[in-house]
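What follows is a single structure, written as structure tokens, with notes after it.
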Amino acid sequence: MYPDYYNMYNPYYGGYEPNYRSSELPQFNSGEIITLNQAIALIKQSVGDEKEDEMFYDILIEQAPTDKEKNIIKSIRNDERKHNQILRELYYEFTGQILPQDTLSNNEKNNIDYKSNLEKALFGELDAVAKYRKILGTMPSGNSYTLLMSIMTDELRHASKYNFLIHLNHRGAIWKLQDHN
């Protein structure tokens with residue numbers, strides 16, 4: 001009925017929306033376009049990044065003042081473990097190489113206060129979203145695209161959870177100030 005380059009009517013678009021083929025998709029992100037080989041290198045780097053995040057979140061769990069906050073951070077940490085495994089599998093799928101097991105240790109203590117660590121975690125999650133968005137644009141198969149999209153949406157959920165925790169701690173500080181007046 002319509003030419004194959006048009007999709008269904010979209011009132012937000014103001015007409016019939018173009019149905020771009022993947023090779024001609026417009027680039028909406030402000031990030032650079034990378035090659036598949038660069039994406040594979042980023043996947044390898046991300047395995048280590050996810051492990052570092054997991055260890056950092058262990059510190060946050062210790063710092064968290066309530067069980068509710070500890071449980072939220074534990075759920076994020078557990079997702080990071082899952083991401084590490086998914087990224088390892090993707091790396092193997094593309095290269096045929098198995099990455100060595102993580103050799104990072106959690107010996108380094110973080111002396112930053114809980115609220116500052118929450119902010120650090122929030123911006124770490126947002127940086128991860130930008131990195132996975134770059135990688136996502138290079139994925140050739142539906143499976144790898146789907147796996148990376150699940151990681152990216154988890155990172156967005158994590159950022160929302162950290163915003164909630166920051167809000168809880170900011171609100172608590174205001175209430176404490178009001179109690180002392």
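Values for this structure:
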quantity	calculated
Residue within the stretch 68-75 that is surrounded by fewer than 14 Cβ atoms within 10 Å (Cβ to Cβ), over 16 Å from the mean Cα position of the chain (by Cα) and not hydrophobic (A, V, I, L, M, F, W, C) present	yes
First in the stretch 134-146 and over 17 Å from Ser46 (Cα atoms), second anywhere and open to solvent by 60 Å² or more (accessible area, probe 1.4 Å), Cβ under 9 Å, 6 or more apart	Pro140/Leu36; Ser141/Glu93; Asn143/Glu93
Conditions (1) at pLDDT 95 or above; (2) open to solvent by less than 90 Å² (accessible area, probe 1.4 Å); (3) outside any helix (DSSP H, G or I); number of the one not met by Asn106	(1)
Unmet requirement for Leu148, which otherwise passes all of (1) over 20 Å from the mean Cα position of the chain (by Cα); (2) at pLDDT 90 or above	(1)
Members of the stretch 69-81 found to be charged (D, E, K, R) and free of Cβ contacts under 8 Å to residues at least 12 places away in the same chain, listed by number	Lys70
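The values are calculated or read from the model by the stated rules, or taken from the named source; none is laboratory data. Please read these numbers as outputs of a predicted model, since none were measured by experiment. Because the Cβ atoms are built from the backbone with ideal geometry, glycine has one as well, and the counts that use them run over all protein chains shown. For accessibility, only protein heavy atoms count, side chains too; no ligands or nucleic acids. Shrake-Rupley method; radii C 1.70, N 1.55, O 1.52, S 1.80 Å.
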